Amino acid sequence: MLILGVDTGGTFTDFVLQSGEELQTYKLPSTPDDPSRAILQGLEYFFGQQLPENLEIIHGSTVATNAFLERKGARTLLITTHGFEDILFIGRQNRPKLYDFNIIRPREIIPRSQIVGVRERMLFDGTVLKPLGKTVGRTVRSNCRNKKIDSVAVCLLHSYVNDTHETTIKNELFGLNIPVTISSEILPEFREYERLTTTLINAYLGPVISSYIKRLTDKLGRVSLHIQQSNGGILPTADIEKRAIYTVLSGPAGGVHGALQLGREMGVDKIITFDMGGTSTDVSLCDGKPTLTRDHRIDGYPIRIEVMDIHTVGAGGGSLAHVDAGGLLKVGPESAGARPGPICYGFGGRHLTVTDANLFLGRLLPDRFMGGAMRLQKKKVDSAMQKLAGQLGLDPVDAALGIIRIVNASMAKAIRAVSLERGYDPKEFCLFAFGGASGLHCCELAVELGIQKIAIPARAGILSAQGMVFAEPALDAMQALFLRGKELQGQILTENMKNLVDKCLDEARTLCRKEEQADFVISRFLNLRYHGQSYELSIPYEKNFIELFHQAHEHNFGYRLEDAPLELISIQCSVKVKRSKSALPREKMADCKKPKPLSLQPIHFGCTPFRAPVYKRADMAAGLTLAGPALVIDNYTTILLPESFSLDVDELHNIIISGKLS
């Protein structure tokens, strides 16, 4: 079996091919107008014109995310209970910035004219107060035809306890041959606004991701294609239209999964992932396992599916630097992307970026970028930096250093958001730095945060694609269930959990390869809170789940209420198909001689340049120790090692950096 991980990013598309214990890699610029073009170029690089029959592709895609951010989803009709048509626009009325008088509301997903209310009413206990009218089918079909609808979302009041009305509407629309997403299938739980936005976004993105996958599969022929999910698992493309919303963090989830798997092989279980690419930076904290959340937002709208808890900021190699109206230097969140890209790419970019600043400071080598496949144009950057420095009244070196400091501050804030703000001390974690640009910034971030250890993986520039190679099929399911106090100890909870797991297992069996024996890992969770609270915590369903809840509450909020009754609002389960994995390539540790530097490069750590040796990562064997300052170049990433730092190369060919980090 050949397994190819493909991570389509905003700037580059990365490939990792696993054949037995061997890993091959490739990277090329993305093609945002049609991401499949870059994928096909990568396939031609590995296989020529004939794809092998035993090839399985795991694809991390930004198609769904970009379609939503750009509001290029399907023309969608939202059907809801009469009188509740404005839930989408009212929302929770929570203000992200309490004292900001200039708040800009998120762009609407669909206009009010594409929302229809049907006369029906279900009570909170599932009792039908007002049945659906006999003409509801004719009415909604007429709306679909008149409004030229491509997809339908149905979210009726209290359908999580009784889905009869939603199912009826879905059946009435069957003859129109358009996809229908009903909330009782995608998110059967209370909280009307979150259930509605999740259902609507899934319906809005379904036809887009389905159309993209169909075009790609037509070109791939009979090759097996899976999509990376936001929870770290993978799914066959046949099911992806029904679960389009599960792909919104597809690429970043692959990176977290790859870092976590690598950490386990290294014997490191406390990691903070730092994935800095061309467009954005993604950070996540893993304390022995990935941190999952059901409180994720995309462009201001909540999605209540389980996703890896990844904090994203608009800080990448392509982040644009500019002077604002007040004369201050700003960096990001806008990005130059793959086209036109940074000025140094020579594709017509006219605005300075973080990559340009690193090149100006000597931290990138013009003739070694992407293994020499792309030559960077420093003269164009020098001219643009002079102009920016003139606007700021600074020396050009100070302007470039200012760009680096600002983008570092933005990324440090993101790491604090997933660590300190959630009760974790970053000093206790190892920083896993990957993505094309992370090696240039990780040491300065470690100093800022007091992190004592940095790991830069052997294939740091393409770790997200590597994570996809080792990802496994996974399914999540949940069900609303309201129990309180002593009811939590009864048979109702046990029976409902068993039924939910059995339902998930039945679907998971269809994800197994023909030749593999079914081996499942089942996780069960309870969403609990103290009676009277508004929000719950997800707790593993074990014998001591009550004590686990008290401990989790104390960790998150600083107190516990031993005598307060607990309240269950829903149950969850996750089923993962366990697959055998090949070990990562290792090299025996040995006493190594220091490699001969390729050259001495003037690098600005401050105002005065320092001539630092440049080493090729491919020349660094397991067991090597090297003191900074130095610049280490690889095909897909460059590592900046300041003077007070040193590095060691381990048997997995990872670079482990330590030094004066605080």
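The values are calculated or read from the model by the stated rules, or taken from the named source; none is laboratory data. Model, not experiment: these values are computed from the prediction. Here Cβ is always computed from backbone atoms with ideal geometry, including for glycine, and neighbour counts include all displayed protein chains.
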(message) Among the listed residues Arg191, Arg222, Arg195, Arg297, identify the single one that is basic (Lys, Arg) and touching a helix residue (DSSP H, G or I) at 6+ places or on another chain (Cβ under 6 Å).
(response) Arg195
(message) Out of the residues in region 622-637 meeting the condition of being of a type outside the set (Ser, Thr, Tyr) and surrounded by fewer than 17 Cβ atoms within 10 Å (Cβ to Cβ), tell me which one is nearest to Ala465 (Cα to Cα).
(response) Gly623
(message) Among the residues of region 497-507, are any closer than 30 Å to Ala583 by Cα, hydrophobic (A, V, I, L, M, F, W, C) and either outside the structural domain of Arg368 (by TED's automatic domain parsing) or without any contact (Cβ under 8 Å) to a residue 60 or more places away in the chain (or both)?
(response) yes
(request) Name every residue in region 133-156 that is under 24 Å from Glu194 (Cβ atoms) and over 31 Å from the mean Cα position of the chain (by Cα), in order of residue number. (result) Val140
(request) Check Leu77, Leu129 and return the single one that is at negative phi, loosely packed, with under 13 Cβ neighbours inside 10 Å and assigned by TED's automatic domain parsing to the domain that holds Ser184. (result) Leu129
(request) Find the helices (runs of 4 or more DSSP H) located wholly in region 34-117 whose residues include 2 or more that are farther than 15 Å from Thr198 by Cα and out of contact with any Ser or Thr (no Cβ under 6 Å at 6 or more places or on another chain), and list them. (result) 35-47, 63-69
(request) Select, from Met411, Met385, Met374, the only residue that is in contact with a strand residue (DSSP E or B) (Cβ under 7 Å, 6 or more places away or on another chain) and among the hydrophobic types (A, V, I, L, M, F, W, C). (result) Met411
(request) Output yes when any residue across region 486-509 is under 30 Å from Asp650 (Cα atoms) and surrounded by fewer than 21 Cβ atoms within 10 Å (Cβ to Cβ), and no when none is. (result) no
(request) Filter region 271-306 down to residues that are assigned to a loop (DSSP other than H, G, I, E, B) and without any contact (Cβ under 8 Å) to a residue 40 or more places away in the chain and give me whichever is farthest from Arg191 (Cα to Cα). (result) Gly288
(message) Here is a list: Leu77, Leu123. Which entry is in contact with a strand residue (DSSP E or B) (Cβ under 7 Å, 6 or more places away or on another chain), free of Cβ contacts under 8 Å to residues at least 40 places away in the same chain and closer than 23 Å to Ile182 by Cβ?
(response) Leu123
(message) Please pick out the residue among Leu365, Leu394, Leu361 that is surrounded by 21 or more Cβ atoms within 10 Å (Cβ to Cβ) and either basic (Lys, Arg) or over 29 Å from the mean Cα position of the chain (by Cα) (or both).
(response) Leu361
(request) State whether one or more residues within region 291-299 are among the β-branched types (Val, Ile, Thr), more than 23 Å from Gln572 (Cβ to Cβ), touching a Ser or Thr at 6+ places or on another chain (Cβ under 8 Å) and not assigned by TED's automatic domain parsing to the domain that holds Leu537. (result) no
(request) Give the number of residues within region 594-618 that are among the hydroxyl-bearing types (Ser, Thr, Tyr) and in a strand (DSSP E or B). (result) 2
(request) Could you tell me which of the residues Gly341, Gly317 is touching a residue at least 12 places away in the same chain (Cβ under 8 Å) and closer than 28 Å to Leu285 by Cα? (result) Gly317
(request) Considering every residue within region 570-590, establish whether at least one is assigned to a strand (DSSP E or B) and farther than 30 Å from Lys514 by Cα. (result) yes
(request) Consider only pairs whose beta carbons are under 6 Å apart and that are at least six residues apart or on different chains; among these, list those whose first residue lies in region 217-240 and is outside any strand (DSSP E or B) and whose second residue is of a type in the set (Asp, Glu). (result) Asn231/Glu306
(message) Here is a list: Ala518, Ala564. Which entry is farther than 21 Å from Pro236 by Cβ and surrounded by fewer than 16 Cβ atoms within 10 Å (Cβ to Cβ)?
(response) Ala564
(request) Exactly one condition in (1) crowded, with 19+ Cβ neighbours inside 10 Å; (2) within 22 Å of Val418 (Cα to Cα) is not met by Ile245; state its number. (result) (2)
(message) Restricting to region 193-222, and then to whatever is surrounded by fewer than 19 Cβ atoms within 10 Å (Cβ to Cβ) and of a type in the set (D, E, K, R), can you tell me which residue is farthest from Arg297 (Cα to Cα)?
(response) Arg222
(request) Answer yes or no as to whether Val407 is in contact with a Leu (Cβ under 8 Å, 6 or more places away or on another chain) and either assigned to a helix (DSSP H, G or I) or under 28 Å from Leu598 (Cα atoms) (or both). (result) no
(message) With under 30 Å from Leu43 (Cβ atoms), polar (S, T, N, Q) and at pLDDT 90 or above as the only criterion, which of Gln466, Gln479 stands out?
(response) Gln466
(message) Please count how many residues of region 93-125 are under 27 Å from the mean Cα position of the chain (by Cα) and either closer than 20 Å to Val248 by Cβ or surrounded by 12 or more Cβ atoms within 10 Å (Cβ to Cβ) (or both).
(response) 6
(message) Quick check on my filter: what residues within region 578-616 are of a type in the set (S, T, N, Q) and surrounded by 14 or more Cβ atoms within 10 Å (Cβ to Cβ)?
(response) Ser582, Gln601
(message) Filter region 391-404 down to the residues that are more than 14 Å from Asp356 (Cα to Cα), part of a helix (DSSP H, G or I) and of a type in the set (A, V, I, L, M, F, W, C) and list them by number.
(response) Leu392
(request) Among the residues of region 459-488, write down those that are farther than 21 Å from Asp125 by Cα and part of a helix (DSSP H, G or I). (result) Ala460, Gly461, Ile462, Leu463, Ser464, Ala465, Gln466, Gly467, Met468, Val469
